[in-house]
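Quick note: the coordinates plus some simple rules give every number you see, no bench work behind them. Just so it is clear, the model here is predicted, and its values are computed rather than measured. Don't worry about glycine lacking a Cβ; one is built from the backbone with ideal geometry, like all the others, and counts go over all protein chains shown.
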Amino acid sequence: MVLDKLCDISEVRPYLFLSGFGCITEKVAFMVLDKLCDISEVRPYLFLSGFGCITEKKLRAHGITHIIDATNLPNNPRYRGIEVMEIFVDDSLIADLTPHFPLAAQFVRDSQKQGGKVLIHCAAGISRSAALCIICLVLNEGRSLREAYYDVLEKRPFISPNIAFWRQMIDFERKEHGTSTVALLRGMARPIPDVYVRKQAKVAADARSGKILSNFC
């Protein structure tokens, strides 16, 4: 009985699991991937995901009419009746998403005017597409960068734009509004946005209270 407990996979969060190596099987691996690789509804008109979970059936189920493809992969599948914007940017520390911020936001606005729904995706739905989704809320809904990050985080709890994209989002908000609501914390191996501190505090508080993060699609 003790060994049975030790050799199992523990669900810490809907998106986070803990185990030893010996209990991992192909079936279990796919179970974990299934939780990570789904389409998250950020707004009724705006969705976020990675590339691997996209199927025509899922797109139709969510009513997706437009896609922003930020995978930087050639020859991605295209689906009949769905308009696509391609953004060719690597998820790297030298990549620049800034020129695409207003274009992505305009694409989403145009879709809304037509009564459409937009899926923004990159490879994993964690960095590039998350940054674009956050900025769309800033530009289209008047959310602050901090508010927009928490809005998206609530719906997809493992988003993590790389630090270069954070710098670009912070600079963009500062140019748009004269100040930024997110700051980079220094004095460690690498800078981190201050919103991550609150994120970790929330995770710790949830662990103490037994509360599980909700609204994960």
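List Phe47, Phe107, Phe172 from most exposed to least, where exposure is judged by having the fewest other Cβ atoms within 10 Å. All intermediate terms of the calculation are to be shown ahead of the outcome.
Details: Phe47 27, Phe107 22, Phe172 19.
Going from sparsest to densest Cβ surroundings: Phe172, Phe107, Phe47.
Starting from 0.36 nm per residue, how many nanometres of slack lie between Arg80 and Lys58 once their C-alpha separation is accounted for? Numbers along the way, then the final one.
Details: separation 22, 0.36 × 22 = 7.92 nm, distance 1.37 nm.
That pair, Arg80 and Lys58, stretches by 6.6 nm at full extension.
Among Ile120, Ile82, what is the fewest-to-most ranking by other Cβ atoms within 10 Å?
Ile82, Ile120
Between Asp38 and Leu103, what is 0.36 nm times their sequence separation minus the Cα-Cα distance? Round to one decimal in nm.
20.9 nm
Given 25 °C and 0.890 mPa s, how large is the Stokes-Einstein diffusion coefficient of the range 43-195 in µm²/s, with Rh as the Kirkwood radius over Cα pairs?
Here the translational diffusion coefficient equals 157 µm²/s.
Count neighbours as other Cβ atoms within 10 Å of each site's Cβ, and list the trypsin sites (Lys or Arg not before Pro) in the range 153-190 that are DSSP loop with at most 16 such neighbours.
Arg186
Please arrange His62, His100, His121 by how many other C-beta atoms lie within 10 Å of their C-beta, fewest to most.
Listing His62, His100, His121 from fewest to most nearby Cβ atoms yields His62, His100, His121.
Grab the Cα-Cα distance for Lys113 and Arg186, subtract it from 0.36 nm times how many residues apart they are, and report the gain in nm with one decimal.
Net length gain for the segment: 22.1 nm.
Can you give the FRET efficiency for Asp96 and His177, using 1/(1 + (r/R0)^6), R0 = 25 Å, r = Cβ-Cβ distance, to the nearest 0.05?
0.80
Per residue of the range 38-54, what does 6.51 cos²θ - 1.76 cosθ + 1.60 with θ = phi - 60° give for ³J(HN,Hα)? Whole Hz please, x for Gly and Pro, Karplus curve as stated.
10, 8, 9, 8, 7, 9, x, 10, 9, 10, 9, 6, x, 6, x, 8, 7
Output ³J(HN,Hα) for the range 160-165: one whole-Hz value per residue in order, computed from phi by the Karplus curve 6.51 cos²θ - 1.76 cosθ + 1.60 with θ = phi - 60°, and x for Gly and Pro.
Once θ is set to phi - 60°, the couplings for the range 160-165 become 7, x, 5, 5, 5, 5 Hz.
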